Amino acid sequence: MNTAFSFKKRRGGILLHPTSLPGTPGNGDVGTHAYRFIDFLANSSLSVWQMLPLGPPQSDLSPYQCQSVHAANARLISIEKLVEKGWLSTPPMESHTEESYRYARLKEARLGFIKRATPTEKSDYDTFVEQNRAWLDDYALFRALKESYGNKGWWDWAPEHRDRDGTALNKVRHQLKDTVEQQYFEQYVFFSQWKALKAYAHEKGIYLFGDMPIFIADDSADVWAKREYFLLGEQGKPTVVAGVPPDYFSATGQRWGNPHYNWKAMEADGFEWWVERIRSLETLFDVVRVDHFRGFESSWEIPAKEQTAINGKWVKVPGEKLFSVLQRETKLPLVAEDLGVITDEVVALRDTFHFPGMKILQFAFDSGPDNPYLPHHHLPNCVVYTGTHDNDTTLGWFKKLPTSVQQYVCEYLRAYPHEMPWPLIETAFASVAKLAVIPMQDVLSADSDQRMNTPGVPTGNWRWRFDWSQLTIGVTEKLRHLAKFYERV
């Protein structure tokens, strides 16, 4: 397999975050079921596995508010593979909650690694730590300090730790040495397991499609360690925060709360922070979606004291200069998440760099025949979806439509209501878009109770998981037929 992904060939894929895989306590991981999912894709004649960001989330589990742009979510580590390595025994899960299970097992695994790892494995570990010190040292100390401060935000730490006094950090790094090295170990294990999974995917002809949020969490190792790149006050709190203005969907807009970038400082450094961020993604993925792409042309700045997004303003961003550097310094193909109200300037930025955009079929039927999401308006250089992780499942979406709109959908698709969601899936495959991606929920014909995320609802998201028993007889064959019929093999 040629591991360099391009949009020259028509392809099909499935959107499924690894946490949604079945089989293990708490959440899915990169163990047996991840390999089985790759086999499922290959047997279905599909060649792309799209997922959400892999970073370590905050307590709400949102992969779009991570504690690092470089580190990975240790909950994705396969415990069974640590047992196979001989670093862990296999006691039952009794006495552990789902949340504490992995935490406890990973601590045991590190002790097993120290005692039983081979010289080659220990050498690999040392090499990993040395090669990733640029971000790993700060991340590991950040996590250790957060734990010692009872998970408080870094701006509420003692001033010498908050403001990164060198002497104080050296002292606390020694005091928290065990916790720091646990973080080193967990990142080493994840990236080792991911490297093996990615190699297996390539053997099977599968490309890994990742996701990059434009903004990062304020309570993250990156903001703490690189304050000069963000618009922050003296004590580390943002002076302005990110979001989007009021629109048809929200009278008060959306106040996300992420800190804004200090673009002048980033540009002065040749956008090195962004170059390193993309290089980290290159180790994980073959292609990446850039979330909220319009924010690279102009971003909505909201004064931090405001409780809504109403009183913000658009501020220009040097996106063209940034992407010129990224295309010169990195090779990772990017997809622009260009949904919502997109200006001519955003379109020009996207097209200047030939980034594919996105088309969502669930958005196609709320107006007339000039709706840009209708398939007869699609262009080859885009990715078409029935829906995304933020949408309802296609079955749930269709059921909630007014009867008149349901009739319009069925007339356009030449389908019957009882056939949904498969007519919309077939329409995605038939599109001229080079890549068609279907959420796993739609492959399973799942209803609204199995959606991944409901925007604006603060709890209960990001926890959906499927079971192989939901995969009804004939689904693999149906996907294989669509892939071949519409030349996506």
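Here, each number is a calculation from the coordinates, and none is a lab measurement. Nothing here was measured: the structure is a model prediction, and the numbers come from that model. Glycine also receives a Cβ, built like all others from the backbone with ideal geometry; neighbour counts cover every protein chain displayed.
Brief remarks follow.
- Dimensions of region 297-346 from C-alpha coordinates, computed as largest minus smallest value along each principal axis and given longest first, are 40, 21, 17 Å.
- C-alpha center-to-center spacing [region 65-90, region 405-456] in angstrom: 34
- Sum of side-chain charges, Thr352 neighbourhood, beta-carbon under 11 Å (Lys, Arg +1; Asp, Glu -1): -3
- The chain: calculated mean residue ellipticity at 222 nm from DSSP helix runs of at least 4, using -39500 (n - 2.57): -12000 deg cm²/dmol
- Restraint check, Lys171/Lys195; Lys195/Lys226; Lys122/Lys195; Lys195/Lys321, Cα-Cα greater than 23 Å: Lys171/Lys195; Lys195/Lys226; Lys195/Lys321
- Backbone N within region 210-238 under 15 Å of label point (7 Å from Asp156 Cα along the Cβ vector): 218-220, 236-238
- In this rough spin-label picture, where each label sits 7 Å from Cα along the Cβ direction, the Thr32-Ser324 distance is 5.4 nm.
- Computed from Cα atoms alone, the Kirkwood hydrodynamic radius reported for region 94-233 is 17.3 Å.
- Glu487/Lys331 FRET efficiency (R0 22 Å; Cβ-Cβ; nearest 0.05): 0.25
- Contour minus Cα-Cα distance for Asp165 and Glu411 (0.36 nm per residue): 81.9 nm
- For Ser448 and Ser367, the FRET efficiency from 1/(1 + (r/R0)^6), where r spans their Cβ atoms and R0 equals 25 Å, is about 0.60.
- Segment Ala265-Arg173, length gained on full extension (0.36 nm per residue, minus Cα span): 30.3 nm
- Diffusion coefficient, µm² s⁻¹, Stokes-Einstein with Kirkwood Rh over alpha-carbon pairs of region 1-133 at 20 °C and 1.002 mPa s: 125
- Computed over the chain, the ratio Rg/Rh where both radii use C-alpha atoms and Rh is Kirkwood: 0.96
- Amide H contacts for Met358 (H built 1.01 Å from N in the peptide plane; partners 5 or more residues away or on another chain; cut-off under 5 Å): Asp338, Val383.
- Loop-located GluC sites (Glu not before Pro) in region 384-489 (DSSP state other than H, G, I, E, B) with a sparse environment of at most 12 neighbouring Cβ atoms within 10 Å: Glu487.
- Around Gln441: net Lys/Arg minus Asp/Glu count, Cβ-Cβ under 12 Å: -2
- Sparse-neighbour loop sites [chymotrypsin sites (Phe, Trp or Tyr not before Pro); region 254-302; at most 13 other C-beta within 10 Å; DSSP]: none
- Protection proxy ranking of 54-60, 216-222, 470-476 - average other beta-carbon atoms within 10 Å, highest first: 216-222, 54-60, 470-476
- Within region 75-172, GluC sites (Glu not before Pro) in DSSP loop having at most 11 other beta-carbon neighbours inside 10 Å: Glu94
- Extension gain, His376 to Lys122: 0.36 nm times the residue separation minus the Cα-Cα distance gives 85.8 nm.
- Neighbours of Tyr188 by Cβ distance under 15 Å: Lys/Arg scored +1, Asp/Glu scored -1, total +1.
- The tail of the calculated P(r) for region 344-489, taken as Cα-Cα distances beyond 22 Å, holds 43 percent of the pairs.
- Calculated SAXS-style log₁₀ I(q)/I(0) at q = 0.09, 0.19, 0.21 Å⁻¹ - region 205-340, Debye, Cα scatterers: -0.28, -1.18, -1.37
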